[in-house]
Structures are given as structure tokens and as C-alpha cells.
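Contents: one structure, followed by commentary.
The values are calculated or read from the model by the stated rules, or taken from the named source; none is laboratory data. Please read these numbers as outputs of a predicted model, since none were measured by experiment. Using ideal geometry, Cβ is built from the backbone for each residue, glycine included, and neighbour counts are taken over all protein chains shown.
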Amino acid sequence: MKRTNHQHSASMDETMSKLLPRLIKANENIDTDKLDYHLNQLSSIRIGGNITTIGTGGSYITAYYASKTLEQFTLVKQSITKEPRDILYSKNSDNLIAFSWSGKTYAINKALEIFPSQSLLVHANKESLTPNEIRLYYPNMDEEKSFISIATTLIPMGEFLKIYLNNQGLNGNTYLHNLLNTIYPLHKEEISKINPDSLNVEVFEIMSGDYTYTASKALESSLTESGIGIPIVHEKYAYCHGRSNMISHNEHKHTLIYLINGRKEIDNLFLELLKPYYKDIILLESHYQDPLVGEYDLTLQAYLLCERIARIKNMDISQVDYETDIVHKVYRYKGEL
């Protein structure tokens, strides 16, 4: 894909300047009660059972986070996240919740055909709804043009976080409003202080673990889709099973992004042992006691970090052009999956 030089376009500035106001406006305007009502119509939530969430691209990130919040519903036995194609070959779920910002993703709609009366489609399409659809849309929502999928991830993630918080006896709207106004300027300042040389690398290794998978997926997806870096994701507890051999090959050329959501002893051990082997270790950490709040916090940090990397590399992640028509042909593919 073509990498657009940042100095020729204000698109990224415009996109990122709208981030906080857009999230605040979504929090104020989207009817969370309606989403909560639709969720509670699913049998898994009413009488117990399993839920599968699906999505592609940025919507997969939302699907994973939603799955973690749904696990907190009393009667839900298990909530897992899959790719849409997996549903066609594995139908062992009581209910399906699908995420598609456009509401028109072919693979999503094929999967929904298997669960005609036990499914929910969450999207932002302006078109009319069926009884099995919920639209996360508010008036005057402007179109997002960015390879960092803010709208397709943080907005719906926020709605599921609010439902979770409401179920914890808190006011989800007020909590999210205060959370955003607290963490956005804080992380913006923290990330602005990262050494530019640490971000001007080709390969970013990402260390992930408990309640950090949403953020790691956001990093992996954004770095890859925008072309601003090559991500390699490690699971902390799998790192010592061969993956540590990456150290002997990177020769201090790689930067490690280490995610923490509730620091554990193993994190301190890793940070101490790995420091000599990387160009730098960038720590993204959440200090919130509630891990689901922390995971939302980390995901916002991930997007702000990607923005900083793009600026260091003088690239505009809002203006990436495909050099071939491969993506368009596959995206419009309507055959067998």
C-alpha cells in the first residue's frame, strides 16, 4: 500500500482532533438502554447458555471486548470470540452477536443466516433495522477516514462497558464521561514523551496477557493496516516456549510494547530481564482496579501510540491508498467462504 507523507494532508490531524469529542458525543447520544434490552432478549442471558461474538478488522476488536463484558452476565456460561467463517463450520453456540460497522459485511451476514432467531447484529448503518439489529448511531455522526479504527472499536466498546458498569450498580454514562476526560489528556502527554528513536523502527514486538488482548489486537491491526510497522504479538506465558529466540535475531533493532493491566510479579521479572535485548521497551499500563475498565483504557492508549508512531514516521494514516485491487476484489467476494 502507498504510504502518504503527512505534510501533504491534514486528514490525520482532523481525525485525531475529533477523537475525544466524538467519543464524548457518542456516550451522550447512543441509547445504551436499547442495546441492553436487545442483549437481554438473548436466551443465553435470560436462561443461561453460551454466546459467540464475531467481527472482522476493527469489529473483531469490539467483538472480543464485548465477549469479556458479556461473561459478567450472571446466566452466561461462556462467551467466546470467533472469525465469521468459523461459525459456518462450528455451530456449537446458543446465541450469536455480530459486529459490523457498515452492517453489510458478507461473511457476517452469512454467519447470521445460521442463527436467524438467536442473533443480534450491532452496527452503525443508517438504514432501517430488522428486529435482530441494533444501531450504534447518533445524529450528525461524521464518517471516519482512518486506518486506526476509532469509530468501529472505541464507540461500541464504550457502550458495552457502560452496560457492564450499570450492572455493577454504577452510572455508566457518567463513569465513561469522567473516564474519557481523565485518561485522554493523561495518556496523550505520556505518549508524547516517548523517545522518537524508539518509535522509528520497522518491527514492534507486543507482549500481551490477561485483560490486554483487546489492546494488543488494536495495536496489531492498526500497525498492519496502516503500514506504519510490522507487529509480532507474544503471549507472556508462551514467550519462554521458543519465542524468546526472537531476542538473538533482533540485535536491538526491535522495540517492545509491553502491556500491563494490573501489574503482577511476572511483569516485573520480564521487564528486568528483557531490557538489555531491545532498542527500547514502551510500557502501556492501566492502573484501574476493574480489569474491563483497564482494558478499555489500554485500547485508547494503543491508538494514541499508533498516532505518535505515524507522526514520527511522517505518515498520514488517514490517507492510505491500495496499490492493487486485491483488497477490493476479496472484500466484494460473495462466494463460498
Restricting the stretch 250-268 to residues that are of a type outside the set (A, V, I, L, M) and within 12 Å of PHE204 (Cα to Cα), the one surrounded by the most Cβ atoms within 10 Å (Cβ to Cβ) turns out to be THR255
Residues of the stretch 16-40 being of a type in the set (S, T, N, Q) and without any contact (Cβ under 8 Å) to a residue 12 or more places away in the chain, in sequence order, are SER17, ASN40
Answer with yes or no whether ASP197 is acidic (Asp, Glu) and at pLDDT below 95. no
Conditions (1) surrounded by 11 or more Cβ atoms within 10 Å (Cβ to Cβ); (2) free of Cβ contacts under 8 Å to residues at least 24 places away in the same chain; (3) more than 26 Å from the chain's Cα centre (by Cα) -> ILE247 fails only (2)
Restricting attention to the stretch 277-318, the residues that are hydroxyl-bearing (Ser, Thr, Tyr) and in contact with a Lys or Arg (Cβ under 8 Å, 6 or more places away or on another chain) number exactly 1
Of (1) in contact (Cβ under 8 Å) with a residue 24 or more places away in the chain; (2) crowded, with 17+ Cβ neighbours inside 10 Å, ASN132 satisfies every one except (1)
When the stretch 71-94 is checked residue by residue, the ones that are surrounded by fewer than 23 Cβ atoms within 10 Å (Cβ to Cβ), touching a residue at least 40 places away in the same chain (Cβ under 8 Å) and under 23 Å from the mean Cα position of the chain (by Cα) are GLN72, PHE73, ARG85
Residue hits (the stretch 217-230; farther than 14 Å from ALA310 by Cα and surrounded by fewer than 17 Cβ atoms within 10 Å (Cβ to Cβ)) are none
If we ask which residues in the stretch 57-73 are in a helix (DSSP H, G or I) and among the charged types (D, E, K, R), their number turns out to be 1
Expected output for the stretch 174-196 (first residue surrounded by 16 or more Cβ atoms within 10 Å (Cβ to Cβ), partner among the hydroxyl-bearing types (Ser, Thr, Tyr), Cβ below 8 Å, 6+ apart or cross-chain) is LEU179/TYR296
(1) modelled with pLDDT under 95; (2) surrounded by 18 or more Cβ atoms within 10 Å (Cβ to Cβ) all hold for ASP142 apart from (2)
